[in-house]
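Contents: one structure, followed by commentary.
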Amino acid sequence: MTALILGAFVIVAALGPWTDAAADTTLTAHMLQHVALTMLAAPLLVLGSGRVLRVLPRGLARGLIRVGNPLLAWIAFNAVVLATHFTGYYDYALEHQWAHVLEHGLYLSTAVWFWWPVLGRRWRGAVPYLLAAMPVQAVVGVVLLTFDRPYYSHYSSLGDQHRAGALMWLLGSLAMAAALVWAAWDWLRAEERRAVAREAYGR
């Protein structure tokens with residue numbers, strides 16, 4: 001429950017009036033807003049989702065778990081990140097409030113979907129899953145950091161753009177790396193438990 005409350009708090013803080021006003025002024029603040037939603041709020045919501053699933057009707061809870069297909073989750077999350085940053089949607093969303101709200105909704109929902117196999121199901125394939133996602137997430141930061149002119153018409157400062165790129169690359173990589181270490185450690189512990197069980201059964 002604590003994780004769920006913290007996740008909700010991060011969402012409120014990331015989308016609050018002060019944060020929204022700062023994001024409208026600088027790309028760095030806007031990128032921090034998106035990183036907070038996808039790399040902090042979403043994992044916290046997944047970690048706190050166990051209690052929510054327990055109070056739902058069993059059929060509905062099972063249906064939600066089945067929807068968490070890792071391949072679909074990976075494709076959806078990474079496609080949203082790449083499409084919103086590289087297709088002109090980013091500038092469009094800054095000029096149209098409904099598109100901006102949709103963008104945030106897509107980031108949060110697909111991020112929750114993405115993190116579910118890692119933190120919700122404790123899936124054994126979490127390590128290669130995260131390794132495959134890291135370069136996709138990093139590419140946005142790298143492009144913004146190395147581009148020699150403003151990439152989005154709404155933000156004219158090249159220095160701001162480079163800071164935003166560095167921020168996304170660094171924070172996104174740290175979040176993924178932390179999850180990778182956790183997933184690897186969890187897998188090793190599970191393998192150890194299985195080995196102990198096999199030994200006990202063999203006796």
* Structure fact -> Candidate cut points under chymotrypsin sites (Phe, Trp or Tyr not before Pro) in the range 69-156, DSSP loop plus at most 15 other Cβ atoms within 10 Å of their own Cβ, are F147
* Asked: Tell me, what HN-Hα J-couplings in whole Hz come from the Karplus equation 6.51 cos²θ - 1.76 cosθ + 1.60 at θ = phi - 60° for each residue of the range 110-116, using x for Gly and Pro?
  -> 6, 5, 4, 4, 5, 7, 4
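Just so you know, all these numbers are worked out from the coordinates, no wet-lab data involved. In this text the structure is predicted, and so the values were computed from the model without any measurement. Reconstructed Cβ throughout: ideal geometry from the backbone, glycine too, with neighbour counts over all protein chains shown.
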